Amino acid sequence: MTSSVEEKSAGSGEAGHCGRDVRSDLHVAIEARDSGGLEITMQSRVAPYYGESIVAQSRQVLDVLGIKHARIELRDEGALPFVISARIETAARRAGLGLGRKASPEKLALPEPSPRDRLRRSRLYLPGSEPKYFINAALHGPDAIILDLEDSVHHAEKDAARILVRNTLRAVDFGKCERMVRINQLPLGLEDLAEIVPESPDLLLLPKAELPEQIAETDRMIGELKGRYGITRPIWLMPILESALGIENASALVQASKNVVALTIGLEDYTADLGVAKTVEGRESLYARSRLVNTARALGVQAIDSVFGDVGDMDGLRRWAESSRALGFEGMGCIHPGQIPVIHEAFAPSQAENEKALKIVAAFEEAQQRGLGVVSLGSKMIDPPVVQRAQKLVELAKRMGAAGKRL
């Protein structure tokens, strides 16, 4: 497979991928010239159908970037227009051309702003450098899509992924999914913010969060960019705790910004920091995960668990997710669409739980109507905390569309 490189030589650059196993991408090679106009050559399996439109779009993008003289080679693997624009812009930048300009696709209407406490049972990670995953991701029904700029992207492809994710936020309809982006660790993450924030993502994940200053600096730059671009809708934050220091500073991290709505944990990095092996039972991370849940609950934000890395072990995933819910987590990450229904089922109240909660709530409402200070269900007295827990469970079941049954 041919892949992009950061820069071939002065005045030339490449971007994108091509080859037998590549889908929905475009490889672009640009060589600047002093004269002679634009010379564009293209290879594509769909050239008889879309060749002219691909070349026409390429000329339009080059014009927006102010490139008048260059030799451009395109090898198309079924790229959609927002990918074509991103790959040409990246190759141009790597060639030292079109700097300070953007070839952004037409912007779709933004969805409704994401509520602070919306359901976040599942969030599906998509590598920010792989456009083949973007278009159909919402069809799998996760609560959130994460366009990842961090661990899943090679360091030489960070610039390309940043532009591709920017275009994706503008041009791809993710339906009811919350639109999340995981940026890189600061200071590289500040470059991500400059490209991503103008496109109004719903939530940003902040990796390897350890110090409140990291959260505050990120929040400060987001606010500055929102002001510059006239953005009034919220952009929420979810710090990822991936070290012992991050866990110990969990409370300070949440309080560093009013825009923090959830905490999550990265177990691969956390266990590496401890110098222990990560196990399927999770004994080595029980303290960290319990402390995260307690901190989140105390400060009024959501606790979201890590991913389960073995995509072939659905029974193991179910056990982990059920244990996660029992600890107090409200959701977890996933790295494969097949994990989503298992996670949703594990985090949904069971039929027995829901029926019992409904009875408790009904008994409480009856006692309220009768002016009674004591709630009883049959011969058993029901304490106020039990009523509160039942009310929360019934509300959760309604939000999940799971009243009276598991999803």
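The values are calculated or read from the model by the stated rules, or taken from the named source; none is laboratory data. Worth saying up front: this structure is predicted, and the values here are computed from it rather than measured. Methodologically, a virtual Cβ is constructed for each residue, glycine included, from the backbone with ideal geometry; neighbour enumeration extends over all protein chains shown. All accessible areas refer to the heavy atoms of the entire protein, side chains included, with ligands and DNA or RNA removed. Shrake-Rupley method; radii C 1.70, N 1.55, O 1.52, S 1.80 Å.
May I ask which residue of V46, L99, S251 lies farthest towards the positive end of the charge dipole of the chain, with charges of +1 (Lys, Arg) and -1 (Asp, Glu) on Cβ and the Cα centre as origin?
S251
Using a simple spin-label model with points 7 Å from Cα along the Cα→Cβ vector, what separation in nm is obtained for D310 and A244?
Spacing of the two 7 Å Cα→Cβ label points: 2.7 nm.
Taking the Cα-to-Cβ direction at E224 and at E268 and moving 7 Å from each Cα, how far apart do the two end points lie in nm?
A separation of 3.2 nm, rounded to one decimal place.
Under 16 Å Cα to Cα from K208, which aspartates and glutamates show up? Leave out anything in the same chain fewer than 8 places away.
D148, E150, D151, D192, E217, D219, E242, E248, E268, D269, D273, D305
Of the candidates A86, A346, A363, which one comes out as most mobile in a Gaussian network treatment of the chain with C-alpha springs shorter than 10 Å?
Looking only at A86, A346, A363, the biggest GNM fluctuation is shown by A363.
With every protein chain left in place, what is the accessible area of K158 in Å² (1.4 Å probe, nearest 10)?
30 Å²
Could you let me know the centre-to-centre spacing of region 15-73 and region 324-344, using Cα atoms, in angstrom?
With region 15-73 and region 324-344 each reduced to a Cα centre, they are spaced 41 Å.
When a/c is below 1.5 the answer is rounded, else prolate if a/b is larger than b/c, else oblate, so apply that to region 131-174 with a ≥ b ≥ c taken from the square roots of the Cα gyration tensor eigenvalues.
Values: a/c = 2.51, a/b = 1.68, b/c = 1.49.
Prolate shape, in that a/c is at least 1.5 and a/b is the bigger ratio.
Based on Cβ point charges of +1 for Lys and Arg and -1 for Asp and Glu, what charge dipole magnitude is obtained for region 44-126 about its Cα centre, in debye rounded to the nearest 20? Provide the component values of the computation, followed by the final result.
Numbers: 16 positive and 9 negative charges, 89 e Å.
The dipole of region 44-126 has a size of about 420 debye.
Looking at (1) 46; (2) 22; (3) 27, which value of percent of Cα pairs over 42 Å apart comes from a calculation on the structure shown?
Label (2) holds the value from this structure.
Filter the GluC sites (Glu not before Pro) in region 261-331 down to the DSSP loop ones having no more than 16 other Cβ atoms within 10 Å, then list what survives.
Details: sites: E268, E281, E284, E322, E330; in loops: E281, E330.
Those that pass, being in a loop and sparsely packed, are E281.
Rounded to the nearest 500, what is the chain's calculated 222 nm mean residue ellipticity when only DSSP H runs of at least 4 contribute -39500 (n - 2.57) each, over all residues?
On the way: 13 runs with 163 residues, N = 407.
Dividing the helical sum by the residues of the chain leaves -12500 deg cm²/dmol.
If you place +1 on the Cβ of every Lys and Arg, -1 on the Cβ of every Asp and Glu, and leave all else neutral, what size is the dipole of the chain about its Cα centre, to the nearest 20 Debye? Walk me through the numbers before you get to the answer.
Working: 52 positive and 56 negative charges, 245 e Å.
The dipole magnitude comes to about 1180 debye.
Roughly how many Å is it from the Cα centre of region 161-224 to that of region 255-296, as a whole number?
Here the two parts' Cα centres lie 21 Å apart.
At 1.4 Å probe size, with the rest of the protein present, what percent of the exposed accessible area of region 169-224 is carbon and sulfur atoms? Walk me through the numbers before you get to the answer.
Details: 1020 of 1890 Å².
That share works out to 54 percent.
Counting only protein heavy atoms and a 1.4 Å probe, tell me what percentage of region 269-353's accessible area is made up of carbon and sulfur.
51 percent
Counting only heavy atoms of the protein chains, get the accessible area per residue of the chain (1.4 Å probe) and round it to a whole Å² value.
On the way: 18810 Å² over 407 residues.
Value returned for the chain: 46 Å² of accessible area per residue.
How big is the accessible area of R33 in square angstrom, nearest 10, if you roll a 1.4 angstrom probe over the protein chains?
Answer for R33: close to 80 Å² accessible.
Around G300, under 11 Å between beta carbons, what's the net of Lys plus Arg minus Asp minus Glu among the other residues?
Values: positive: R116, K258, R297; negative: D117.
Summing Lys/Arg as +1 and Asp/Glu as -1 gives +2.
Give the accessible area for E31 in Å² (nearest 10); use a 1.4 Å probe, count only protein heavy atoms, and leave out ligands, DNA and RNA.
90 Å²
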